[in-house]
Amino acid sequence: MGKIKIIKGDITKLRCDAIVNAANSSLLGGGGVDGAIHRAAGPELLAECRTLGGCCTGEAKITKGYNLPARFVIHTVGPIYYEHSAVEAEALLSACYENSLKLAREKGLKTIAFPLISAGVYGYPQSEAIRVAVETMKGHAEEFDELTLVLFGEREFGFAGEMFGEFISTPSSTR
């Protein structure tokens, strides 16, 4: 079975097969993790994204990683929480993780890092977003060498520690 870990850090610095981008439907960059990934990858990422024709909520598309340490970027569009019922929002958020992992599997990728999708400006409650992320990752862990949930802030890292302490990885315990 593959390893699941939760870390606090900057997803744009991770060396892995693919990082997942919490993108908007245009795939042309934005704020938060999306903007950070586009800035770190360089203008070639935007150029490739322009050829993809956008992406619907819950779906995923893949590009090269360009100047990132990750070989690929999987772009997925999370739900805007208040635009859906809680049940619909959870189904769409779960689809983001499922479809990202499906794309990774199809490409033969083994190490994937996710941000906390939809839990920033899209308003998904952080603790619920963490639960959906980890539960979905657990369902696919055996198919990958390593699945990482990368949290940026102390608040969500604290929630993750309370909920899934067994997966918390500190810098000294990472490879």
Expected vector for segment 52-68, Karplus 3J(HN,Hα) from phi with 6.51, -1.76, 1.60 and θ = phi - 60°, integer Hz, x for Gly and Pro, equals 8, x, x, 7, 7, 4, x, 8, 9, 9, 10, 9, 5, x, 6, 7, 7
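Rounded, prolate or oblate: which fits segment 1-98, taking a ≥ b ≥ c as square roots of the Cα gyration tensor eigenvalues, rounded meaning a/c under 1.5, else prolate when a/b beats b/c?
Working: a/c = 1.88, a/b = 1.23, b/c = 1.52.
Oblate is the answer for segment 1-98, as a/c is 1.5 or above yet b/c matches or exceeds a/b.
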Just check segment 16-56 against the gyration tensor rule for me: Cα atoms, a ≥ b ≥ c as the square roots of the eigenvalues, rounded for a/c under 1.5, and otherwise prolate or oblate depending on whether a/b exceeds b/c.
rounded
Local charge sum around residue 26 (other residues, Cβ-Cβ under 14 Å, Lys/Arg +1, Asp/Glu -1)?
-1
Can you give me the P(r) profile for segment 83-175? Cα pairs, bins 5 angstrom wide beginning at 0, each as a whole percent.
2, 12, 25, 24, 19, 12, 4, 1, 0
Sorted by chain and then number, the residues having a modelled amide H within less than 5 Å of the amide H of residue 9, at least 5 places away or on another chain, are 151, 152
If we count every other residue with Cβ under 13 angstrom of residue 107's Cβ, Lys/Arg +1 and Asp/Glu -1, where does the sum land?
+3
Counting only DSSP beta bridges with both partners in the chain, the antiparallel fraction in percent, to the nearest 5, comes to 20
When Lys and Arg each count +1 and Asp and Glu each count -1, what net charge do the other residues less than 15 Å away from residue 153, Cβ to Cβ, add up to?
-2
Say the dipole of the chain comes from +1 at the beta carbon of Lys and Arg and -1 at that of Asp and Glu; which of 150, 21, 38 then lies farthest toward its positive end?
38
How much mean residue ellipticity at 222 nm does the chain get from its helices, if each DSSP H run of length 4 or more adds -39500 (n - 2.57) and you divide by all residues, to the nearest 500 deg cm²/dmol?
-11500 deg cm²/dmol
Total charge dipole magnitude, segment 1-138, about the Cα centre, Cβ charges on Lys, Arg, Asp, Glu only, Debye to nearest 20:
700
In debye, nearest 20, what is the charge dipole magnitude of segment 49-115 about its Cα centre with +1 on Lys and Arg Cβ and -1 on Asp and Glu Cβ, if you could check?
580
Sequence gap of 8 or more, or different chains, plus Cα separation below 12 Å: how many lysine pairs satisfy both in the chain?
7
Just want to confirm a number: the relative contact order over the chain, from Cα pairs under 8 angstrom separated by 6+ residues, in percent.
33
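Coordinate-derived values only; no laboratory data. Being a predicted model, the structure only gives us computed values, none of them experimental. So basically every Cβ, Gly included, is an ideal-geometry build from the backbone, and we count neighbours across all protein chains shown.
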